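To start, the structure under review is shown below, and the notes come after it.
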Amino acid sequence: MTGNEVKQNLTEGGGGSSASSGNNRATALVCGGAGCRSSGCAEIKDTLERRLKHHDLEGEVQIIETGCMGPCSLGPLVVIYPEGVFYKELQPEDAQEIVDEHLLKGRKVERLLVEKPEARQEIKHSIEELEFFKKQRKVALENCGIIDPSNIEEYIARDGYRALGTALTEMKPQEVVKLIKDSGLRGRGGAGFPTGLKWELTAKAADEPKYVVCNADEGDPGAFMDRSILEGDPHRVLEAMTIAGYAIGAGSGYIYVRAEYPMAIDHLQTAIEEARHYGLLGEDVFEQDFQFDIEIRVGAGSFVCGEETALMHSIEGKRGMPTPRPPYPAQKGLWNQPTLLNNVETYANVPNIVRNGAEWFNSMGTENSPGTKVFALAGDVRNTGLVEIPMGITLRELVYDIGGGIPEGKDFKAAQTGGPSGGCVTEENLDMPIDYESLQEVGSIMGSGGLIVMDESTCMVDVAKFFMDFIVDESCGQCTPCRDGTKQMYDILNRITAGEGEPKDIERLRELSETIKKTSFCGLGKTAPNPVLSTLDNFEEEYRAHVEDKRCPAGVCQGLLSYSIDPQECIGCSRCAESCPVDAIDGEPGGVYQIDGDTCIKCDNCFQVCPVNAVSRS
Ligand SMILES: Cc1cc2nc3c(=O)[nH]c(=O)nc-3n(C[C@H](O)[C@H](O)[C@H](O)COP(=O)(O)O)c2cc1C
């Protein structure tokens, strides 16, 4: 397709997206996000296709595999349009029933809807009615779970590339920069730096050539926001990078994607080829005197490669190690040339800002944190998955209204935000608005969007140890405080959780934290102690219970547990003794068994196998 044809297509509103496809009686969208893929969506799609063929309905019903729809814990998911009926937790035989009942006879399969049919008035039929979506506001994720990511026409049909057309044909580069500045968009990769200011600094840099870089290294444990955008809506990022190229005067761009995301890489590669074919990348973009192209660089498999200076070294083919800033990438970035580097989600907001204006964008969110934020909601919460919320809603709304609350009637203990650089937000701050400043005030950070909910059965010392273990693995080893200091912190935490801690360890952890924060070379070390400091500030009594009373209040740390058998409950079945690898359990079948605490290695086997819960663990 030529640039003119694209323009015409855009002006006329394009073809049709999956959900509203013109020629078909119905469309079945099958969620192809990471969670649904691992729970078997490929089989669901196959069954739908086979059954439609069986009924001779292939020409009437279209099946599309989309990117992530969001509610991962309910997968595999299928949504049937035009009604938008949402089916969850599907097995292949359910897919067959959806075809036989819904698509053939127009009858919804109620047992597969979100609420159980017993409470008929509570059945949620359509996607708009689900509590999970009600408080969300989709901007960066507006097409995820709705379009076929490997079909550019579906993106175009949903206003895709219209922003690029507007920027190239109706705006000067400075006007684009001003628009992004006025929108108040802040970097979604962690630090929240004002995006427009970064664009302005790079645009003003005199040196040429300039580069545009997209950071898709996404290394925080549990985070999959950027992955979902790239897998589910890759053209959005290409369009934004091209707009950025025009705004700052760059002719080429790189997307640095972590190697563990093969589908994101595949979808991006397809999208780049399609965009080139449609005249939206390459020479004379949109038939204007503007050239811009994008290449993919596959990540080097290390968390620190997400740090911007390390990332650029890695693109240059060097070892991905951080270097000091200044100079900032806007002055000297890739190959020492001015470089604009933003995160995937930051870019994903740009087309909407250009299409709808700065005022539209900052009408969402709060004064200092306009817009929305995507979170990967995980942990002890009913509805885990991918959510996009307007900034400023409370953590309570996120955990209880969108997340559906804590399972098994347990109490909320804390939410960890910001991954290995972040901290935890406790129950007393559940009504705090989610924005950059509020999170910082309570000792955490927004980070890139990982949000782990923890219930009362979580040990906060163990959580701190988990993140420190991650940092020890991922420290690049270049500077001593980060390389050796974090290892020392990990060793102390390990001792504490093994029951070998001493009261002085708490002070040692604080001292090491301060030194590492002050003296580390890059952001990794400077923020590495945060999870320890935050858990110490909020849960010091839990650390004290470990070191002073040799007790883990949450009953998690194996080294601090003791096992015993209640003689009143024991039925003498001998399973505990048979499962014990060190013969620490004595007794005769039919009698009462006993555990020798000195021999016990706390492997938990006896607790797991006892059929009458006679083994207690405290
Ligand atoms: C150790 C470390 C890892 C990082 N990993 C990422 C990452 O995976 N993705 C990302 O966008 N930013 C990451 N950052 C932040 C980047 O250095 C940079 O600030 C960001 O990509 C800028 O984009 P933004 O302004 O759009 O947020 C990391 C920073 C540090 C210190």
Cβ-derived FRET efficiency at R0 30 Å, Ser457 paired with Asp586, nearest 0.05: 0.45
Label-reachable residues, region 541-562, where backbone N falls under 13 Å from a point 7 Å from Phe466's Cα toward its Cβ: 556-557
Sum of -39500 (n - 2.57) over DSSP H runs of 4+, divided by residues of the chain (222 nm, nearest 500): -10500 deg cm²/dmol
Segment Glu540-Gln291, extension gain: residue separation times 0.36 nm, minus the distance between their alpha carbons: 83.9 nm
Length released on extending from Leu197 to Asp46, taking residue separation times 0.36 nm less the Cα-Cα span: 49.5 nm
Per-residue ³J(HN,Hα) for region 98-107, Karplus 6.51 cos²θ - 1.76 cosθ + 1.60, θ = phi - 60°, Hz, x for Gly and Pro: 4, 5, 5, 8, 6, 6, 8, 10, x, 9
Centre separation in Å (Cα based) which lies between region 380-423 and region 151-178: 35 Å
Estimated inter-spin distance, Ile601 and Lys135, nm [label 7 Å along Cα→Cβ]: 4.7 nm
Tensor-based shape of region 254-386 (alpha-carbon gyration tensor, a/c under 1.5 rounded, otherwise prolate or oblate): rounded
J(HN,Hα) series, region 570-578, from Karplus relation 6.51 cos²θ - 1.76 cosθ + 1.60, nearest Hz, glycine and proline x: 4, 9, x, 7, 6, 4, 4, 5, 5
Lysines whose Cα lies under 26 Å from that of Lys108, excluding same-chain neighbours fewer than 8 positions away: Lys45, Lys53, Lys88, Lys116, Lys124, Lys134, Lys135
Summed side-chain charge close to Cys610 - residues other than Cys610 whose Cβ falls under 13 Å, Lys, Arg +1, Asp, Glu -1: -2
Separation of alpha-carbon centers, region 214-291 and region 483-539, rounded to whole Å: 38 Å
Nearest-0.05 FRET efficiency for Lys204 and Lys172, computed from C-beta distance (R0 22 Å): 0.95
Binned Cα-Cα distances of region 520-578, short to long, each 5 Å bin given as a whole percent: 4, 14, 14, 13, 12, 12, 10, 7, 6, 4, 3, 2, 0
Charge-dipole axis of region 562-617 as Lys and Arg at +1 and Asp and Glu at -1 on Cβ define it, positive-most pick from Asn605, Gly591, Gln568: Asn605
With eigenvalues of the C-alpha gyration tensor scaled by 5 and rooted, region 562-617, Å: 15, 11, 10
Mean-position separation - Cα centroids, region 586-618 and region 313-379, in angstrom: 55 Å
Calculated FRET value between Gln594 and Glu359, using beta carbons and R₀ = 60 Å, to 0.05: 0.25
Gain upon complete extension [Asn494, Arg107; 0.36 nm per residue less C-alpha separation]: 133.6 nm
Pair-distance profile P(r), taking every C-alpha pair of region 497-546, with 10 angstrom steps and integer %: 24, 51, 23, 2
Interchain or long-range residues, amide H under 5 Å from Lys210's placed H: Gly251
Estimated dipole of the chain in Debye, rounded to 20 [Cβ of Lys and Arg +1, of Asp and Glu -1, Cα centre]: 1240 debye
Amide H contacts under 5 Å for Arg137, placed H, 5+ residues apart: Glu388, Ile389
Charge dipole magnitude, Cβ of K and R +1, D and E -1 - region 562-617, Cα centre, debye nearest 20: 200 debye
Relative contact order for region 152-362, counting Cα pairs under 8 Å that sit 6 or more residues apart, in percent: 31 percent
Solvent-accessible area of Ser363 with every protein chain in place, 1.4 Å probe, in Å² to the nearest 10: 90 Å²
Under-15-angstrom lysine pairs by C-alpha in region 460-548, whenever the two are 8 or more apart or on separate chains: 5
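Between rounded, prolate and oblate, where does region 392-450 land on the alpha carbon gyration tensor, with a ≥ b ≥ c its root eigenvalues, rounded for a/c under 1.5, else prolate if a/b exceeds b/c?
Cα axes put region 392-450 in the prolate bin.
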Karplus-derived HN-Hα couplings along region 593-608 (A = 6.51, B = -1.76, C = 1.60, θ = phi - 60°), whole Hz, x at Gly and Pro: 9, 9, 9, 8, x, 6, 7, 4, 9, 6, 7, 6, 4, 4, 4, 6
Three-way shape label, the chain, alpha-carbon gyration tensor, a/c 1.5: oblate
Under-5 Å amide H pairs with Leu77, H placed in peptide plane, nonlocal only: Cys31
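The values are calculated or read from the model by the stated rules, or taken from the named source; none is laboratory data. Fair warning: this is a prediction, and the values are worked out from it, not measured in the lab. Ideal geometry is used to build each Cβ from the backbone, glycine not excepted, and the neighbour counts take in all protein chains shown. Side chains are part of the model used for accessible areas, which takes the heavy atoms of the whole protein and leaves out ligands, DNA and RNA. Shrake-Rupley method; radii C 1.70, N 1.55, O 1.52, S 1.80 Å.
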